[in-house]
Amino acid sequence: MEPVSADDAESLYRLAWRREHEERDAARAMEAYRAAAAIALTPLAVDALFRAGFVAQAAGRRAQAIAAYRDCIAAADRLEQPVAAVVHAAFWLGFNLEADGRYLDAMNCYRQVAGGRGLLGLEAAYRGLLCLAAVGRLDEALAWSGGYCDLAREAQALGHDTRALVEAIERERAELAQVLQLEGAA
């Protein structure tokens with residue numbers, strides 16, 4: 001058997017991409033992405049693990065998506081160089097944990113993302129607000145989401161339309177403030 005190389009990893013990645021996009025075979029795509037990632041620790045491997053998580057999520061396989069996103073983040077940590085897929089992996093890991101009702105675990109993921117620029121940072125602020133509210137941490141939810149205006153301005157500067165998301169955040173914040181006011185009056 002010949003040793004495997006970065007070229008082999010790239011070939012497997014292309015195979016996985018084809019299985020995902022052309023054949024629409026989630027199971028075989030995830031298998032090929034994981035195989036590509038297992039060959040060598042490179043930015044391509046990190047991206048392959050992200051893609052495996054994304055394919056699993058799209059196929060409704062939340063547990064597999066969570067595992068792949070965690071593996072993606074761990075691989076990037078070992079790589080010790082910035083890889084764009086990590087921020088997205090942290091967001092989607094949080095999203096899947098939130099869907100599982102694991103709100104505080106999801107919140108930890110959203111914290112990693114919310115410091116970022118663009119629409120993903122703003123979305124993480126919104127999702128984090130919802131997670132904290134879901135576990136009854138209303139004061140913390142209001143404080144957490146307080147910087148959303150800056151995130152919205154940054155996202156708008158990058159060309160994103162943030163109106164719907166900003167309206168949703170403002171609506172949630174108003175409802176939380178009202179609940180806190182009612183609790184304070186009681």
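Brief remarks on what is shown
This table checks each residue for (1) part of a helix (DSSP H, G or I); (2) modelled with pLDDT of 95 or more; (3) assigned by TED's automatic domain parsing to the domain that holds ALA85.
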{"residue": "SER11", "(1), (2), (3)": "yes, no, yes"}
{"residue": "LEU41", "(1), (2), (3)": "no, no, yes"}
{"residue": "PHE54", "(1), (2), (3)": "yes, yes, yes"}
{"residue": "TYR69", "(1), (2), (3)": "yes, yes, yes"}
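- Here LEU129 fulfils each of the conditions (1) closer than 21 Å to GLN57 by Cα; (2) over 12 Å from the mean Cα position of the chain (by Cα) apart from (1).
- Number of positions in segment 5-47 that are surrounded by fewer than 20 Cβ atoms within 10 Å (Cβ to Cβ) and aromatic (Phe, Trp, Tyr): 1
- Condition check for ALA152: more than 22 Å from ASN96 (Cα to Cα), under 22 Å from the mean Cα position of the chain (by Cα) and buried (at least 16 other Cβ atoms within 10 Å of the Cβ): yes
- On inspection, ASP100 does not qualify as in contact with a Leu (Cβ under 6 Å, 6 or more places away or on another chain), in contact (Cβ under 8 Å) with a residue 12 or more places away in the chain, acidic (Asp, Glu) and under 30 Å from CYS131 (Cα atoms).
- Residue check, VAL113 under 22 Å from ARG62 (Cβ atoms) and surrounded by fewer than 21 Cβ atoms within 10 Å (Cβ to Cβ): no
- First in segment 61-84 and closer than 19 Å to LEU97 by Cα, second anywhere and acidic (Asp, Glu), Cβ under 7 Å, 6 or more apart: ARG62/ASP100
- Any hit, segment 95-107, residues being outside the structural domain of ALA152 (by TED's automatic domain parsing), modelled with pLDDT of 95 or more and closer than 23 Å to SER11 by Cα: no
- Residues (free of Cβ contacts under 8 Å to residues at least 12 places away in the same chain and touching a helix residue (DSSP H, G or I) at 6+ places or on another chain (Cβ under 9 Å)) located in segment 164-182: GLU170, GLU175
The values are calculated or read from the model by the stated rules, or taken from the named source; none is laboratory data. Predicted model, so just to flag it, every value in this text is computed and none were measured. Positions of Cβ are backbone-derived with ideal geometry, glycine not excepted, and every protein chain shown enters the neighbour counts.
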